[in-house]
Structure formats: structure tokens, C-alpha cells
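Asks: Just passing along the structure, written as C-alpha cells.
The values are calculated or read from the model by the stated rules, or taken from the named source; none is laboratory data. This structure is a prediction, so every number in the text was calculated from the model and none was measured. Here Cβ is always computed from backbone atoms with ideal geometry, including for glycine, and neighbour counts include all displayed protein chains. When the accessible area is computed, the model is the full protein with side chains, heavy atoms only, and any ligands, DNA or RNA have been set aside. Shrake-Rupley method; radii C 1.70, N 1.55, O 1.52, S 1.80 Å.
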Amino acid sequence: MGCLEFLKDFFLGFWDYETPQVMVVKDRKLGVIYRAVQFLVITYLIWHVFISQKAYQETETRPESSVYTEMRGVAMLGDSVQDTTEYVRPSEGGDVISTILRREVTHDQTQGTCAEHYSVANANCTKDSDCTQGEIDFDGHDQRTGRCIPYYNYTFKTCEIKTWCPIEEYAVVREPALEQAIHFTVFIKNAIHFPKFKVLRGNIKPNKPKKLLQCHYHPDTNPYCPVFKKFSELCRTGGIIGVFINWKCDFDVDPSECIPTYSFRRLDMRKNLPSSGYYYRFAKYHHKDGVEYRTLIKAYGIRLDVIVHGHVRPYRKYISHMLTAHTCSIICDWIMLTFIDKNEVFSEKKFDDVSKKPSQPITTDLTLTSYGSTHSDLSDGVPL
């Protein structure tokens, strides 16, 4: 029966309505505690929450972004004119773009058989039995035929392979560096969207496209000019460069003040020589007298990786300013109802159940002064 009574009281009490009752307690100690706690909470909110952490703001750290890049400049390589079609990969631009600074070219390769390079393991031989037919060395060029042949015009021999001949190490032609690349510029167009707040921003100032043909980026004088000059050191050595576009915006101010900042950092390991620099291979094919030829190009250059970071902190339009008073009231009510003398009297006046019939008044030395409201003043007749 006790369990049923408890469940019945709980169910019926669940539908009760509670409303706060104002009660003034004239107690100096309790008042000092209340103001002290209030001061600490306000100090915490102002200094830590608002100033230090800016917790009153919402944030978005994963915006949507698109990047378009374009290399600009013309250079001379001997008597040949090199434009963006010749030295830029890929030509359509994107968040990754590379510039060819120096080339190593192997002309007119055809598919056939020729000698393996002598630096490949077990490639040197004196007789056919030193070469295993069908063997493939992943550090070499292709499949071995099982024959031992002279290494081109030299007296020593290496194993014969089936591949594009002549091999690159033997027939490569090293072209001079594109020294005029130090004058090249990079145009970077970036659009960023903060979907949470429906804000779209771009790194190009609207209505001024013609000035982009003549400007160069400067963080103070030209923050909206997305045209950057290359670095002379990288034009000599090559490497991988990270171009970081940082959108750190605060929508407490006008969104038009949201301007990106740019930073550059080399991403390849300069101290580790085998891993430093940047190069890749590609080929150009043509046919002559029914035979397919290719020109193999090993290109050294600079690769630009455009990396976009976005972090926005717009103003939160609602701030729970009642937190301070609510927290202080909870603490002081707990002290009043637990530790202070006459806590039973305070409890009776603070929690009143109007659903029950009024019982006989309890005789105490408590005097109430009423002015037609629920406001009770316990200062008269009760020394607290």
C-alpha cells in the first residue's frame, strides 16, 4: 500500500503548478553572502565568459569553399617563348596548381628492347645466364628478356629489357632553368560560404575587376588583391608551397569587414634532400611512319596547395542574463533553509500548498505585514 500511495501522490503532484513567492529576509549575514556570490558570478561572466572565451557567440568552423587559380607571365627559354600553356599544370586551375621551372627531356622514345641502366641492382652481367627472363625489378624500367647485351656504346654489359627505348638515364637532355619565372604571378579567386548563417564572402572586392590586372597583394594597402608574386629561392630549387587563406570573421561588426589573410609555408622537407623539391613526369606522343613515339618530360617546379580555413563568431541574439540572479538565489535559499535559525518558519512561508484546507494557525512570535500582494516582509517582529 505504501508504494501505491507514493505512486498516486507522485502522479497527482506531477500536474501541480508551481509559482515563486517573493519573501524578504532581513538578515545581514545572508545578505552579505548573497551579494558576495552575486559579485563572483558576475565577475566570472564578464571576464571569463564574455571577454576571454566569448561564449556568448555562436561559431562555425567548417564553411564551404571553392578555389580558382591562374598563373600569369611569359618567359623565354633560349629562342622559345614559354607561356602558361607550356609551364602550368593543370591549365584550368584549382586548389592545386604547379609551375614548371626546369625540364629534363628524353626525345623520341619507342617501344622495343634496350639495355637496362647499370645502377639497377643485378643489372650488370657478363653472359645471358646472369639475366633471368621475365624478371621485373621495381627499381628498374621493365621486364628482362634474358639476354646480356652491351650498354649502348660502352664496353660493359647489362641485362636487356623490354621498355620505351632509349631509357631516360642514358638519353635525357637537361634544359636550363626558367629564370624569368621569378616575375610570374598567381591569381587566386576564393569564395566561401557559411551555411549556418547564410553569409557568402569572396576575396575579390566587387565592381573593381579591372584593377586586378595591375595590382599585387599587400596586407595593408591591397588586402583585396589576390595576385601574388613567386619567390626567387623557390624558382631555383623547386618545392611545395602551402597558401593558407584564413577567414577569421566576427559578425558583431559589419560582414563587409570580413577580409581574408594570407600566409605561406613550405610543405616539403628541405633538410631531407631525397624528399625535398617537387617534380613529376608526363609524356607527349606522336606518330611517324606508322611508329608511335613519345617525348618523356621530367618537370621540376613549384606546386601551390591552396588551403582555406574559416572561423566565424557571429553575435548570439539571446543571452541568459538571468543566470546570475538564479544561481545566487539557489545558493542563498539553500543556506537559509538549512543552516539559519528558524529555517522551519522560512520553509513554511516559502513553500505554500493552497490545495489543502487551511489548518489552525501556528502560534509563533512572527508578525507579517501585508499590503495586498504575495510580498511578505519578515523583518517585523522576528529578530533574524
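Asks: If you take every residue apart from Asp142 with its C-beta less than 11 Å away from the C-beta of Asp142, what net charge results, scoring Lys and Arg +1 and Asp and Glu -1? Walk me through the numbers before you get to the answer.
Replies: Details: positive: Arg144, Lys162; negative: Glu116, Glu135, Asp137, Glu160.
Summing Lys and Arg as +1 and Asp and Glu as -1 gives -2.
Asks: Once amide H atoms are placed 1.01 Å from N in the peptide plane, what residues at a sequence separation of 5 or more from Leu267, or on another chain, have their amide H within under 5 Å of its amide H?
Replies: Those qualifying (amide H under 5 Å, at least 5 residues apart or on another chain) are Ile240, Ile241, Gly242.
Asks: Next question. Going down the list Lys127/Lys162; Lys248/Lys298; Lys157/Lys298, which pairs span over 29 Å between their C-alpha atoms? It would help to have the intermediate numbers written out before the result.
Replies: Numbers: Lys127/Lys162 18 Å; Lys248/Lys298 40 Å; Lys157/Lys298 27 Å.
Table pairs above 29 Å Cα-Cα are Lys248/Lys298.
Asks: Under 37 °C and 0.692 mPa s, how fast does the range 100-188 diffuse according to Stokes-Einstein, given a Kirkwood radius computed over C-alpha pairs? Answer in µm²/s, whole number. Walk me through the intermediate numbers first.
Replies: On the way: Rh = 14.7 Å.
The diffusion coefficient I find is 223 µm²/s.
Asks: What list of ³J(HN,Hα) values in whole Hz, one per residue of the range 258-268 in order, does the Karplus curve 6.51 cos²θ - 1.76 cosθ + 1.60 (θ = phi - 60°) give from phi, with Gly and Pro shown as x?
Replies: 7, 10, x, 10, 10, 9, 10, 8, 6, 9, 7
Asks: Also: So between Arg294 and Ser263, what do we pick up on full extension, going 0.36 nm a residue minus the alpha carbon distance? Don't jump to the answer; show the numbers that get you there.
Replies: Working: separation 31, 0.36 × 31 = 11.16 nm, distance 4.02 nm.
Going from the current span to full extension adds 7.1 nm.
Asks: Now for a separate question. Counting only heavy atoms of protein chains, what accessible area per residue, in Å², does the range 117-166 have with a probe of 1.4 Å? Display every interim value, and only then the final one.
Replies: Numbers: 3150 Å² over 50 residues.
Here the residues of the range 117-166 average 63 Å² of exposed surface.
Asks: If you don't mind, there's one more thing I want to ask. On each of the three principal axes of the Cα atoms of the range 27-168, give max minus min coordinate, whole Å, ordered largest first.
Replies: Cα spread of the range 27-168 along its principal axes, largest to smallest: 110, 45, 23 Å.
Asks: Can you send over the carbon and sulfur percentage of the accessible area for the range 117-166, probe radius 1.4 Å, protein chains only?
Replies: Working: 1480 of 3150 Å².
Its accessible area is 47 percent carbon and sulfur atoms.
Asks: If packing is taken as the average count of other Cβ atoms within 10 Å, what order do 8-16, 71-79 fall into, highest mean first?
Replies: Working: 8-16: 8.8, 71-79: 14.2.
The packing order, highest mean first, is 71-79, 8-16.
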